[in-house]
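Enquirer: Mind looking over this structure? Questions follow.
The values are calculated or read from the model by the stated rules, or taken from the named source; none is laboratory data. Here the structure is a predicted model, which is why all the values come from computation and not from measurement. Because the Cβ atoms are built from the backbone with ideal geometry, glycine has one as well, and the counts that use them run over all protein chains shown.
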Amino acid sequence: MSIKFTRTVRTSNSESYALFQDYQNVGSLDIHFSDCVYGTLIFAKEFSNEEQQEIFAQIEDELVDPVPRADFIFSVYQGKEIGMYSDSITEEERAYEPVKKRDLEDISKLVKSAVGKKRNIQGKLTEHISVEFFESLGYRAKRGDSELDHMKIDVVAESDEELVLVQVKSGSIGLKQIENAVESISNYPSSKQNVAAFIANDFPVRAESLRKELGCKYGMKIQYYHTYQVLKNLPEYKSSL
């Protein structure tokens, strides 16, 4: 049995996935990374204990294994989606006609489709802008492929001497995320000099001292770029980020 994990949301400390089996949505997964790895797994179909253990092994191998942790704590639920709630539906509209299950299902589909498309477009746009940014610095750049997802690498840029693996954050980035990414990048097999790069709106106060520590520890170059630096090079995207 094999489950396909499709990431729907990623923040600096958490990720959400939809679970698919033979193109059918069979559940959802939320993971929060701190000193421990916490998760909530909801199955939309019934799995045997043996199948559940296989799914957890797959989660650990594909999504969690590269992340150092003190513990691995998950809550597991069995259920089905019956609807959703939204700020866009007013109390007056609710009072006008009682909400039926079918209405909730229709609303859920519409909202999920719109939100999913927006996130997908925004994510692709951010990666596209980051690719252009590194090209403006003289690198050959492209979006990271699926085999780099476990390292959370969004863009790959290279020159004749360097291979730059880039993690892009639309908001802030945490010290632990930087540390984990640098460790993974240092172990990435390459005939060139590996470089870790990060693009974010905000960096922690200790980011600079951490960069020096990790640079000495792994003997590699670490680059930070604020979003305003990207937009300074590519002002045509100011209204997009």
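Enquirer: Would you tally the residues in segment 24-37 being touching a helix residue (DSSP H, G or I) at 6+ places or on another chain (Cβ under 8 Å), assigned to a strand (DSSP E or B) and closer than 21 Å to Ile178 by Cα?
Expert: Qualifying residue count, segment 24-37: 3.
Enquirer: Answer yes or no: is there a residue in segment 150-170 that is part of a helix (DSSP H, G or I), in contact with a Gly (Cβ under 9 Å, 6 or more places away or on another chain) and within 30 Å of His32 (Cβ to Cβ).
Expert: yes
Enquirer: Being at pLDDT 90 or above and of a type outside the set (A, V, I, L, M): is that true of Thr8 here?
Expert: Judged against the criteria, Thr8 is not a match.
Enquirer: Moving on to the next point. Which members of segment 17-38 meet the condition of being within 15 Å of Lys152 (Cβ to Cβ) and surrounded by fewer than 16 Cβ atoms within 10 Å (Cβ to Cβ)?
Expert: Passing the criteria: only His32.
Enquirer: Another question, if that's okay. Listed residues Glu147, Glu183; which is among the acidic types (Asp, Glu) and surrounded by 13 or more Cβ atoms within 10 Å (Cβ to Cβ)?
Expert: None of the other options fit; the residue is Glu183.
Enquirer: Would you confirm, using the coordinates I've provided, whether Lys169 is surrounded by 13 or more Cβ atoms within 10 Å (Cβ to Cβ), over 25 Å from His128 (Cβ atoms), under 23 Å from the mean Cα position of the chain (by Cα) and touching a residue at least 40 places away in the same chain (Cβ under 8 Å)?
Expert: So Lys169 does not fit the description; no.
Enquirer: Here are some residues: Thr40, Thr8. Which one is hydroxyl-bearing (Ser, Thr, Tyr) and touching a helix residue (DSSP H, G or I) at 6+ places or on another chain (Cβ under 9 Å)?
Expert: Exactly one residue qualifies, and that residue is Thr8.
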